[in-house]
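**Q** Take this structure first; my questions come after.
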Amino acid sequence: MPIKESAPQLNTPADTTTEDAVDSDLPGQVHRTLAEHLESRLAECTELDGGFAAAAREVSRFVLGGGKRIRPTFAWWGWRAAGGAPEGPAAEAMLRAASALELIQACALVHDDLIDESDTRRGRPTVHREFARAHHRERWAGGAAQFGMSAAVLLGDLALAWADDMLHCAGLQPEQLARGLRPWRAMRTEMLAGQYLDVFSQVRGDETPEAALRVAELKSASYTVARPLQLGAEIAGADAAVLAALESFGHDIGVAFQLRDDLLGVFGDPAVTGKPAGDDLREGKRTLLVAEALRVARERGDEERAAELRAVLGDPDVSPERIDSAREVLVRLGAQQAVEDRIAQLTAAAHRTLREADLAEPAATRLAELAEAVTDRTH
(Lines give C-alpha, C1' and ligand atoms only; values in the text may rest on other atoms or scores of the structure.)
Protein backbone atom coordinates (compact mmCIF):
# COMPACT_ATOMS: atom_id res chain seq x y z
CA MET A 1 0.00 0.00 0.00
CA PRO A 2 1.15 3.61 -0.57
CA ILE A 3 1.62 4.68 3.03
CA LYS A 4 3.81 2.69 5.40
CA GLU A 5 4.05 5.08 8.36
CA SER A 6 1.54 5.31 11.17
CA ALA A 7 0.14 8.51 12.61
CA PRO A 8 2.92 10.53 14.25
CA GLN A 9 3.28 10.13 18.01
CA LEU A 10 3.04 13.35 19.99
CA ASN A 11 4.75 14.22 23.22
CA THR A 12 2.06 16.75 24.18
CA PRO A 13 0.14 15.44 27.20
CA ALA A 14 -3.56 14.78 26.69
CA ASP A 15 -4.73 16.29 29.97
CA THR A 16 -7.26 19.10 30.38
CA THR A 17 -6.49 22.14 28.25
CA THR A 18 -5.26 25.37 29.77
CA GLU A 19 -5.78 28.91 28.57
CA ASP A 20 -2.12 29.14 27.55
CA ALA A 21 -2.26 25.84 25.67
CA VAL A 22 -5.34 26.60 23.58
CA ASP A 23 -5.40 30.38 23.13
CA SER A 24 -1.63 30.54 22.59
CA ASP A 25 -0.99 27.24 20.80
CA LEU A 26 -4.21 26.40 19.04
CA PRO A 27 -2.62 24.60 16.03
CA GLY A 28 -0.65 22.37 18.39
CA GLN A 29 -3.73 21.53 20.44
CA VAL A 30 -5.74 20.80 17.28
CA HIS A 31 -2.95 18.49 16.11
CA ARG A 32 -2.95 16.65 19.44
CA THR A 33 -6.73 16.28 19.37
CA LEU A 34 -6.76 15.00 15.81
CA ALA A 35 -3.95 12.54 16.49
CA GLU A 36 -5.88 11.07 19.40
CA HIS A 37 -9.06 10.74 17.37
CA LEU A 38 -7.35 9.28 14.31
CA GLU A 39 -5.41 6.77 16.40
CA SER A 40 -8.67 5.31 17.69
CA ARG A 41 -10.24 5.28 14.22
CA LEU A 42 -7.24 3.53 12.69
CA ALA A 43 -7.42 0.89 15.43
CA GLU A 44 -11.01 0.22 14.39
CA CYS A 45 -9.92 -0.07 10.75
CA THR A 46 -7.21 -2.56 11.71
CA GLU A 47 -9.86 -4.76 13.30
CA LEU A 48 -11.85 -4.64 10.06
CA ASP A 49 -9.03 -5.45 7.64
CA GLY A 50 -5.31 -4.83 7.46
CA GLY A 51 -5.43 -3.72 3.84
CA PHE A 52 -8.13 -1.16 4.55
CA ALA A 53 -6.24 0.07 7.61
CA ALA A 54 -3.14 0.63 5.49
CA ALA A 55 -5.20 2.73 3.07
CA ALA A 56 -6.96 4.61 5.88
CA ARG A 57 -3.57 5.68 7.24
CA GLU A 58 -3.37 7.95 4.21
CA VAL A 59 -6.22 9.99 5.71
CA SER A 60 -4.26 10.26 8.97
CA ARG A 61 -1.06 11.20 7.17
CA PHE A 62 -2.87 13.78 5.07
CA VAL A 63 -4.61 15.39 8.03
CA LEU A 64 -1.62 15.38 10.38
CA GLY A 65 1.03 16.10 7.76
CA GLY A 66 0.28 19.73 7.05
CA GLY A 67 -2.26 22.51 6.85
CA LYS A 68 -2.66 25.85 8.57
CA ARG A 69 -5.61 24.78 10.81
CA ILE A 70 -7.52 27.85 9.68
CA ARG A 71 -11.00 26.39 10.14
CA PRO A 72 -10.55 25.14 13.71
CA THR A 73 -8.89 28.45 14.55
CA PHE A 74 -11.91 30.46 13.42
CA ALA A 75 -14.26 28.04 15.18
CA TRP A 76 -12.32 28.40 18.44
CA TRP A 77 -12.35 32.20 18.28
CA GLY A 78 -16.04 32.16 17.42
CA TRP A 79 -16.49 30.23 20.67
CA ARG A 80 -14.34 32.69 22.60
CA ALA A 81 -16.02 35.72 20.97
CA ALA A 82 -19.36 34.51 22.32
CA GLY A 83 -17.97 34.10 25.82
CA GLY A 84 -16.84 30.48 25.66
CA ALA A 85 -14.41 29.41 28.37
CA PRO A 86 -10.68 29.08 27.54
CA GLU A 87 -10.26 25.97 29.70
CA GLY A 88 -12.13 23.12 31.35
CA PRO A 89 -14.35 20.29 30.03
CA ALA A 90 -16.46 22.64 27.90
CA ALA A 91 -13.31 23.98 26.22
CA GLU A 92 -12.07 20.43 25.58
CA ALA A 93 -15.37 19.53 23.92
CA MET A 94 -15.24 22.68 21.81
CA LEU A 95 -11.67 21.90 20.80
CA ARG A 96 -12.72 18.45 19.58
CA ALA A 97 -15.68 19.92 17.68
CA ALA A 98 -13.44 22.54 16.05
CA SER A 99 -10.80 19.94 15.16
CA ALA A 100 -13.41 17.94 13.25
CA LEU A 101 -13.35 20.70 10.63
CA GLU A 102 -9.90 19.52 9.54
CA LEU A 103 -11.43 16.20 8.46
CA ILE A 104 -13.99 18.03 6.32
CA GLN A 105 -11.08 19.97 4.85
CA ALA A 106 -9.28 16.71 4.10
CA CYS A 107 -12.33 15.39 2.27
CA ALA A 108 -12.60 18.59 0.24
CA LEU A 109 -8.92 18.65 -0.73
CA VAL A 110 -8.68 14.97 -1.67
CA HIS A 111 -11.75 15.25 -3.89
CA ASP A 112 -10.72 18.65 -5.26
CA ASP A 113 -7.33 17.31 -6.31
CA LEU A 114 -9.04 14.41 -8.03
CA ILE A 115 -11.50 16.66 -9.86
CA ASP A 116 -8.71 18.99 -10.95
CA GLU A 117 -6.35 16.10 -11.82
CA SER A 118 -3.69 17.76 -9.68
CA ASP A 119 -0.34 16.03 -9.26
CA THR A 120 0.85 17.58 -6.01
CA ARG A 121 -0.51 18.92 -2.73
CA ARG A 122 1.72 20.42 -0.02
CA GLY A 123 4.74 19.39 -2.04
CA ARG A 124 3.74 15.70 -2.13
CA PRO A 125 1.85 13.53 -4.64
CA THR A 126 -1.91 13.92 -4.34
CA VAL A 127 -3.84 10.99 -2.90
CA HIS A 128 -5.08 9.65 -6.23
CA ARG A 129 -1.58 9.87 -7.71
CA GLU A 130 -0.06 8.15 -4.67
CA PHE A 131 -2.41 5.19 -4.95
CA ALA A 132 -1.96 5.00 -8.71
CA ARG A 133 1.80 4.79 -8.15
CA ALA A 134 1.29 2.02 -5.61
CA HIS A 135 -0.82 0.12 -8.12
CA HIS A 136 1.88 0.44 -10.74
CA ARG A 137 4.66 -0.42 -8.31
CA GLU A 138 2.93 -3.55 -7.02
CA ARG A 139 1.81 -4.59 -10.53
CA TRP A 140 -1.79 -5.08 -9.48
CA ALA A 141 -4.51 -5.98 -11.97
CA GLY A 142 -6.52 -3.34 -13.81
CA GLY A 143 -5.78 0.29 -14.47
CA ALA A 144 -3.59 2.27 -12.10
CA ALA A 145 -5.38 5.58 -12.73
CA GLN A 146 -8.78 4.05 -12.08
CA PHE A 147 -7.57 2.50 -8.83
CA GLY A 148 -6.09 5.82 -7.70
CA MET A 149 -9.35 7.61 -8.46
CA SER A 150 -11.40 4.99 -6.61
CA ALA A 151 -9.16 5.14 -3.55
CA ALA A 152 -9.32 8.94 -3.43
CA VAL A 153 -13.12 8.99 -3.62
CA LEU A 154 -13.45 6.44 -0.84
CA LEU A 155 -10.83 7.98 1.44
CA GLY A 156 -12.31 11.44 0.98
CA ASP A 157 -15.68 9.99 1.96
CA LEU A 158 -14.05 8.32 4.95
CA ALA A 159 -12.66 11.66 6.13
CA LEU A 160 -16.12 13.22 5.87
CA ALA A 161 -17.68 10.37 7.85
CA TRP A 162 -15.00 10.68 10.53
CA ALA A 163 -15.64 14.43 10.72
CA ASP A 164 -19.30 13.83 11.57
CA ASP A 165 -18.34 11.16 14.09
CA MET A 166 -15.84 13.48 15.77
CA LEU A 167 -18.38 16.29 16.12
CA HIS A 168 -21.06 14.02 17.56
CA CYS A 169 -18.59 12.40 19.98
CA ALA A 170 -16.90 15.66 21.02
CA GLY A 171 -18.62 15.72 24.40
CA LEU A 172 -20.91 18.68 23.72
CA GLN A 173 -24.08 19.07 25.72
CA PRO A 174 -27.23 18.10 23.73
CA GLU A 175 -28.36 21.71 23.37
CA GLN A 176 -24.87 22.75 22.24
CA LEU A 177 -24.75 20.00 19.63
CA ALA A 178 -28.22 20.94 18.38
CA ARG A 179 -27.15 24.57 17.90
CA GLY A 180 -23.82 23.58 16.35
CA LEU A 181 -25.47 21.32 13.82
CA ARG A 182 -27.18 24.29 12.16
CA PRO A 183 -24.00 25.81 10.68
CA TRP A 184 -22.38 22.36 10.35
CA ARG A 185 -25.11 21.03 8.07
CA ALA A 186 -25.30 24.24 6.05
CA MET A 187 -21.51 24.27 5.66
CA ARG A 188 -21.35 20.76 4.19
CA THR A 189 -24.03 21.49 1.60
CA GLU A 190 -22.57 24.88 0.68
CA MET A 191 -19.10 23.39 0.26
CA LEU A 192 -20.40 20.78 -2.17
CA ALA A 193 -22.54 23.34 -3.99
CA GLY A 194 -19.50 25.57 -4.46
CA GLN A 195 -17.42 22.65 -5.71
CA TYR A 196 -20.11 21.72 -8.23
CA LEU A 197 -20.56 25.30 -9.42
CA ASP A 198 -16.79 25.56 -9.86
CA VAL A 199 -16.86 22.55 -12.18
CA PHE A 200 -20.09 23.71 -13.83
CA SER A 201 -18.73 27.16 -14.62
CA GLN A 202 -15.71 25.57 -16.29
CA VAL A 203 -17.72 23.32 -18.61
CA ARG A 204 -20.13 26.15 -19.45
CA GLY A 205 -17.30 28.61 -19.95
CA ASP A 206 -19.03 31.10 -17.63
CA GLU A 207 -16.64 34.04 -17.53
CA THR A 208 -18.69 36.52 -15.49
CA PRO A 209 -17.32 38.01 -12.26
CA GLU A 210 -20.67 37.24 -10.61
CA ALA A 211 -20.28 33.51 -11.21
CA ALA A 212 -16.69 33.58 -9.93
CA LEU A 213 -17.70 35.37 -6.74
CA ARG A 214 -20.56 32.93 -6.10
CA VAL A 215 -18.13 30.03 -6.27
CA ALA A 216 -15.77 31.87 -3.90
CA GLU A 217 -18.60 32.47 -1.44
CA LEU A 218 -19.80 28.88 -1.37
CA LYS A 219 -16.69 26.85 -2.02
CA SER A 220 -14.36 28.69 0.33
CA ALA A 221 -15.84 31.59 2.31
CA SER A 222 -18.58 29.49 3.85
CA TYR A 223 -16.62 26.52 5.10
CA THR A 224 -13.31 28.28 5.68
CA VAL A 225 -14.37 31.22 7.82
CA ALA A 226 -18.09 32.02 8.08
CA ARG A 227 -19.51 28.67 9.16
CA PRO A 228 -16.62 27.72 11.46
CA LEU A 229 -17.08 31.04 13.27
CA GLN A 230 -20.80 30.37 13.57
CA LEU A 231 -20.14 26.83 14.75
CA GLY A 232 -18.07 28.04 17.70
CA ALA A 233 -20.45 30.90 18.49
CA GLU A 234 -23.55 28.70 18.32
CA ILE A 235 -22.00 26.10 20.62
CA ALA A 236 -21.20 28.91 23.07
CA GLY A 237 -24.82 30.14 22.93
CA ALA A 238 -24.17 33.46 21.17
CA ASP A 239 -26.97 35.99 20.87
CA ALA A 240 -28.33 37.25 17.56
CA ALA A 241 -26.11 40.35 17.47
CA VAL A 242 -22.90 38.40 17.90
CA LEU A 243 -23.96 35.83 15.31
CA ALA A 244 -24.80 38.59 12.81
CA ALA A 245 -21.45 40.31 13.33
CA LEU A 246 -19.53 37.07 12.92
CA GLU A 247 -21.54 36.18 9.80
CA SER A 248 -20.69 39.52 8.16
CA PHE A 249 -17.04 39.36 9.20
CA GLY A 250 -16.77 35.71 8.14
CA HIS A 251 -18.26 36.31 4.70
CA ASP A 252 -15.91 39.19 3.89
CA ILE A 253 -12.76 37.51 5.17
CA GLY A 254 -13.75 34.18 3.64
CA VAL A 255 -14.13 35.69 0.17
CA ALA A 256 -10.89 37.66 0.60
CA PHE A 257 -9.15 34.44 1.62
CA GLN A 258 -10.30 32.72 -1.59
CA LEU A 259 -9.30 35.67 -3.75
CA ARG A 260 -5.81 35.51 -2.24
CA ASP A 261 -5.77 31.81 -3.09
CA ASP A 262 -6.71 32.71 -6.68
CA LEU A 263 -3.77 35.09 -6.94
CA LEU A 264 -1.39 32.54 -5.43
CA GLY A 265 -2.70 29.89 -7.83
CA VAL A 266 -1.33 31.97 -10.71
CA PHE A 267 1.41 34.18 -9.27
CA GLY A 268 2.51 32.15 -6.24
CA ASP A 269 5.95 30.62 -5.74
CA PRO A 270 5.68 26.81 -6.14
CA ALA A 271 8.39 26.33 -3.51
CA VAL A 272 6.09 28.05 -1.02
CA THR A 273 2.61 27.02 -2.20
CA GLY A 274 3.50 23.36 -2.85
CA LYS A 275 1.66 23.47 -6.21
CA PRO A 276 3.01 24.00 -9.74
CA ALA A 277 3.07 27.58 -10.99
CA GLY A 278 -0.04 28.52 -12.93
CA ASP A 279 -1.94 25.38 -11.93
CA ASP A 280 -5.28 27.23 -11.80
CA LEU A 281 -4.82 28.28 -15.43
CA ARG A 282 -4.03 24.74 -16.53
CA GLU A 283 -7.13 23.52 -14.74
CA GLY A 284 -9.27 26.13 -16.50
CA LYS A 285 -10.59 27.77 -13.33
CA ARG A 286 -12.81 30.79 -14.03
CA THR A 287 -11.69 32.69 -10.95
CA LEU A 288 -12.42 36.37 -10.35
CA LEU A 289 -8.86 37.06 -11.52
CA VAL A 290 -9.62 35.54 -14.92
CA ALA A 291 -13.15 36.95 -15.08
CA GLU A 292 -11.90 40.49 -14.44
CA ALA A 293 -9.27 40.20 -17.17
CA LEU A 294 -11.81 38.97 -19.71
CA ARG A 295 -14.31 41.65 -18.69
CA VAL A 296 -11.74 44.40 -19.27
CA ALA A 297 -10.69 42.82 -22.57
CA ARG A 298 -14.32 42.85 -23.74
CA GLU A 299 -14.77 46.48 -22.75
CA ARG A 300 -11.59 47.46 -24.58
CA GLY A 301 -12.31 45.28 -27.59
CA ASP A 302 -8.97 43.57 -26.98
CA GLU A 303 -9.77 40.20 -28.52
CA GLU A 304 -6.10 39.35 -28.99
CA ARG A 305 -5.33 39.32 -25.28
CA ALA A 306 -8.65 37.63 -24.45
CA ALA A 307 -7.89 34.88 -26.97
CA GLU A 308 -4.38 34.47 -25.57
CA LEU A 309 -5.79 33.98 -22.08
CA ARG A 310 -8.56 31.60 -23.17
CA ALA A 311 -6.08 29.47 -25.09
CA VAL A 312 -4.21 28.74 -21.86
CA LEU A 313 -7.28 27.99 -19.73
CA GLY A 314 -7.84 24.26 -19.33
CA ASP A 315 -4.76 23.19 -21.30
CA PRO A 316 -2.92 20.65 -19.09
CA ASP A 317 0.08 20.64 -21.41
CA VAL A 318 0.55 24.40 -21.61
CA SER A 319 4.22 25.41 -21.57
CA PRO A 320 5.80 27.53 -18.83
CA GLU A 321 6.41 30.23 -21.43
CA ARG A 322 2.71 30.50 -22.25
CA ILE A 323 1.87 30.56 -18.55
CA ASP A 324 4.26 33.51 -18.20
CA SER A 325 2.55 35.23 -21.13
CA ALA A 326 -0.87 34.67 -19.56
CA ARG A 327 0.37 36.19 -16.31
CA GLU A 328 1.50 39.24 -18.26
CA VAL A 329 -1.95 39.52 -19.82
CA LEU A 330 -3.57 39.41 -16.37
CA VAL A 331 -1.28 42.20 -15.19
CA ARG A 332 -1.65 44.36 -18.31
CA LEU A 333 -5.44 44.15 -18.18
CA GLY A 334 -5.39 45.23 -14.55
CA ALA A 335 -6.94 42.02 -13.23
CA GLN A 336 -4.23 41.34 -10.66
CA GLN A 337 -4.59 44.84 -9.19
CA ALA A 338 -8.40 44.63 -9.30
CA VAL A 339 -8.36 41.48 -7.19
CA GLU A 340 -5.85 43.01 -4.79
CA ASP A 341 -8.17 46.00 -4.44
CA ARG A 342 -11.15 43.74 -3.79
CA ILE A 343 -9.21 41.89 -1.08
CA ALA A 344 -8.33 45.21 0.57
CA GLN A 345 -11.96 46.39 0.44
CA LEU A 346 -13.30 43.17 1.95
CA THR A 347 -10.66 43.17 4.68
CA ALA A 348 -11.42 46.78 5.56
CA ALA A 349 -15.15 46.01 5.75
CA ALA A 350 -14.44 43.06 8.05
CA HIS A 351 -12.38 45.27 10.37
CA ARG A 352 -15.24 47.81 10.52
CA THR A 353 -17.59 45.01 11.53
CA LEU A 354 -15.27 43.97 14.34
CA ARG A 355 -14.92 47.53 15.63
CA GLU A 356 -18.68 47.96 15.78
CA ALA A 357 -19.43 44.55 17.29
CA ASP A 358 -19.60 43.73 20.99
CA LEU A 359 -17.28 40.74 21.06
CA ALA A 360 -15.47 39.36 24.07
CA GLU A 361 -11.71 39.85 24.37
CA PRO A 362 -9.20 38.56 23.54
CA ALA A 363 -11.31 37.19 20.66
CA ALA A 364 -11.93 40.57 19.00
CA THR A 365 -8.21 41.29 18.86
CA ARG A 366 -7.31 37.81 17.68
CA LEU A 367 -9.94 37.89 14.94
CA ALA A 368 -8.52 41.19 13.68
CA GLU A 369 -5.07 39.60 13.56
CA LEU A 370 -6.45 36.54 11.76
CA ALA A 371 -8.10 38.74 9.15
CA GLU A 372 -4.71 40.08 8.19
CA ALA A 373 -2.97 36.71 8.41
CA VAL A 374 -5.29 34.89 6.02
CA THR A 375 -5.62 37.65 3.44
CA ASP A 376 -2.00 38.83 3.30
CA ARG A 377 -0.03 35.61 2.85
CA THR A 378 2.27 33.79 0.45
CA HIS A 379 0.88 30.25 0.77
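The values are calculated or read from the model by the stated rules, or taken from the named source; none is laboratory data. Just so it is clear, the model here is predicted, and its values are computed rather than measured. Please note: Cβ atoms are built from the backbone with ideal geometry, for glycine as well, and neighbour counts cover all protein chains shown.
**Q** Of ALA91, ALA56, which residue is surrounded by fewer than 24 Cβ atoms within 10 Å (Cβ to Cβ) and assigned to a helix (DSSP H, G or I)?
**A** Working: ALA56 fails: surrounded by fewer than 24 Cβ atoms within 10 Å (Cβ to Cβ).
It is ALA91.
Okay, residues lined up against (1) free of Cβ contacts under 8 Å to residues at least 60 places away in the same chain; (2) buried (at least 22 other Cβ atoms within 10 Å of the Cβ); (3) of a type in the set (S, T, N, Q):
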residue: ASP198; (1), (2), (3): no, yes, no
residue: ARG214; (1), (2), (3): yes, no, no
residue: ALA226; (1), (2), (3): yes, yes, no
residue: GLY237; (1), (2), (3): no, no, no
residue: GLY274; (1), (2), (3): no, no, no
residue: GLU283; (1), (2), (3): no, no, no
residue: VAL290; (1), (2), (3): no, yes, no
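**Q** Please indicate, with yes or no, whether at least one residue in the stretch 149-158 is without any contact (Cβ under 8 Å) to a residue 60 or more places away in the chain, among the charged types (D, E, K, R) and closer than 22 Å to ARG185 by Cβ.
**A** yes
**Q** Please name all residue pairs, on different chains or six or more residues apart, with Cβ atoms under 6 Å, provided the first residue is in the stretch 302-319 and is without any contact (Cβ under 8 Å) to a residue 60 or more places away in the chain and the second residue is aliphatic (A, V, I, L, M) and assigned to a loop (DSSP other than H, G, I, E, B).
**A** Cβ pairs passing all conditions: VAL312/VAL318.
**Q** OK, next. Going by the structure shown, is GLN336 exposed (fewer than 13 other Cβ atoms within 10 Å of the Cβ) and either of a type in the set (S, T, N, Q) or not assigned by TED's automatic domain parsing to the domain that holds VAL225 (or both)?
**A** Numbers: exposed (fewer than 13 other Cβ atoms within 10 Å of the Cβ): no; either of a type in the set (S, T, N, Q) or not assigned by TED's automatic domain parsing to the domain that holds VAL225 (or both): yes.
The answer is no for GLN336.
**Q** Determine, yes or no, whether ALA54 is within 16 Å of GLY148 (Cβ to Cβ) and outside the structural domain of LEU231 (by TED's automatic domain parsing). Lay out the reasoning, then the answer.
**A** Numbers: within 16 Å of GLY148 (Cβ to Cβ): yes; outside the structural domain of LEU231 (by TED's automatic domain parsing): yes.
It is true that ALA54 is within 16 Å of GLY148 (Cβ to Cβ) and outside the structural domain of LEU231 (by TED's automatic domain parsing).
**Q** Look through the stretch 96-118, keep the residues that are under 19 Å from GLY67 (Cβ atoms) and among the charged types (D, E, K, R), and return whichever of them is modelled with the lowest pLDDT.
**A** ASP116
**Q** Looking only at the stretch 28-49, decide whether some residue is modelled with pLDDT under 95, among the hydrophobic types (A, V, I, L, M, F, W, C) and more than 22 Å from the chain's Cα centre (by Cα).
**A** Among the residues of the stretch 28-49, not one is modelled with pLDDT under 95, among the hydrophobic types (A, V, I, L, M, F, W, C) and more than 22 Å from the chain's Cα centre (by Cα), which makes the answer no.
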